[in-house]
Amino acid sequence: MRSILFVCSANVCRSPLAMGLLRLKVDNELSEWDIHSAGVWAENGWPAARYTLEVLTSRGYDLENHLSQQVNREMVENYNLVLTMERGQKEALQIAFPDLTSRFYLLSEMVGKSHEIKDPIGRSFIDFEHTADEIDQILNDGFERIKELAAPTAE
């Protein structure tokens, strides 16, 4: 089974957006994927941001039951690929889990770049739409690389 964990700061905007968008993309083969999200500095139990919910609903994905969770070792060990939105998040994971660093990438690295996905928290619905569009474009353009890295590795 392919497995991927999206990570942002609080797990209420970008990582839930990425999770929902990728689940939509692989809808026909969702049973072959394990796609979740978490936050490096998240507090457990918060719902997704209102505009995150609205953007995903407008695209056909219901995220109403999402509750934020802080990333931990067990999560990281259970996912073949961990994609962060910012360099600081990737670095925090590398420091916390140095034995698992080969799993950590910036989302933009899936398309050969190294830019960060800006956090839309506190901004307008349009800003959330732009963030979702940016994430969706990377998921589409980098899909083959994502599939490859999210695949289980032979032990």
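Every number here is computed from the coordinates shown, using simple stated rules; none is lab data. Remember, it's a predicted structure, so these values are computed and weren't measured experimentally. Positions of Cβ are backbone-derived with ideal geometry, glycine not excepted, and every protein chain shown enters the neighbour counts.
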Estimated FRET transfer efficiency when R0 is 25 angstrom, pair Q137-Q94 (beta carbons, to 0.05): 0.45
field: Protection proxy ranking, peptides 81-88, 126-133, 55-62, average beta carbon neighbours within 10 Å, highest first
entry: 81-88, 126-133, 55-62
task: Run the quick spin-label model on Q70 and S102: label points 7 Å from Cα toward the beta carbon, then report their separation in nm to one decimal.
output: 2.9 nm
statement: DSSP beta bridges in the chain: the antiparallel percent, rounded to 5, is 5 percent
- prompt: Based on the Cα gyration tensor of the chain, what are the three equivalent ellipsoid semi-axes, each the root of five times an eigenvalue, rounded to whole Å and given largest first?
  reply: 22, 17, 15
query: Mind checking the dipole of the chain: about its Cα centre, +1 per Lys or Arg Cβ, -1 per Asp or Glu Cβ, Debye to the nearest 20?
result: 220 debye
